[in-house]
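Notes follow once the structure below has been shown.
Please treat every number below as a calculation from the coordinates, not as lab data. Predicted model, so just to flag it, every value in this text is computed and none were measured. A quick note on method: Cβ atoms are made from the backbone with ideal geometry, for glycine too, and the neighbour counts reach across all protein chains shown.
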Amino acid sequence: IAAAKKALPYDTSMLPAQKRFLSEQLQKEGYLFPSIQHELITQDGGRCIVWKIDPGAQIQFGKTILSAQSDLPFERIIRELSYREGDVWDAEKIKQSFVRFKSLNLFDSISFSPLAVKDGQVRRDILLKLRKDDPFELRVRAGLEFQHIRQYQTFAGVAYKVGGTFMVKNPTNHGDLFRFDADVARSHREVHIKYLYPWVFQAPIDGILDAYAIKYEQPGYIGNKRNLYTL
């Protein structure tokens, strides 16, 4: 805690906040169960607060116990984790691992559950539960949109918009994803194909193939069915 530039009046309401700050800092360093106590003593004619801290054992990541309904092999699941066994405990790495699994779009539910640490243990195991999503997914969408001539700010009618998304999840059992998007409107058409393949050449690099085709027709003035130009 940084020293105050000037003496502050004694206020008991400040102690819980300071204790919480010390606890959070120790937990970031892997000391999950610190003992933090304070004592009010007299020194140099005044009274001051002394913090007595016993950080305890520094906790490390233990084994990851997998409970999964998934076709992915165990080693391909474990490699997506942001931590390794023996690393200093860091809750942020668990959050990063969750975000990584979520971004793969392969699982319907994802759960990380740190297990209790027994006396004398310095490594904390984690139970990872995964439930695979349906291998095929189809989404459809439809709506209406207002159309106007931007130059004159004139309303030109109501236009339709329809589209859909088709996904094939884990087609080669490597955690890959194939996605096809198509949207059609009165003056706009778009087709988008995307293929994601994680860990190219066994390295933590994602390979992405992106292909698209877009067509846009600029409407003319009101009453004219012909378009000014097409991109």
| task | For residue 74 and residue 51, calculate 0.36 nm times their separation in residues minus their Cα-Cα distance, and state this gained length in nm to one decimal. | result | 3.7 nm
| Which net charge results for the neighbourhood of residue 217, defined as the other residues with beta-carbon distances under 9 angstrom from its beta-carbon, given Lys and Arg at +1 and Asp and Glu at -1? | +3
| Helix-only [θ]222 nm of the chain, DSSP H runs n ≥ 4, -39500 (n - 2.57) each, per residue, nearest 500 | -4500 deg cm²/dmol
| Want the number for residue 131 to residue 165: 0.36 nm per residue separation, take away the alpha-carbon distance, what's left? | 10.0 nm
| task | First select every other residue whose beta carbon is under 11 angstrom from the beta carbon of residue 71; then total the charges, Lys and Arg +1, Asp and Glu -1. | result | +3
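For the chain, what number results from the quotient of the Cα radius of gyration and 2.2 N^0.38 Å?
Against the empirical 2.2 N^0.38 Å value, I get 1.67 for the chain.
Do any of 102/169; 63/93; 52/95; 129/194; 95/129; 28/102 go past 20 Å between their Cα atoms, and which?
52/95; 129/194; 28/102
Please compute the net charge surrounding residue 169, taking Lys and Arg as +1 and Asp and Glu as -1 over other residues with Cβ under 11 Å from its Cβ. Provide the component values of the computation, followed by the final result.
Details: positive: 132, 179; negative: 71, 108, 133, 134, 137, 176.
Result for the local shell: -4.
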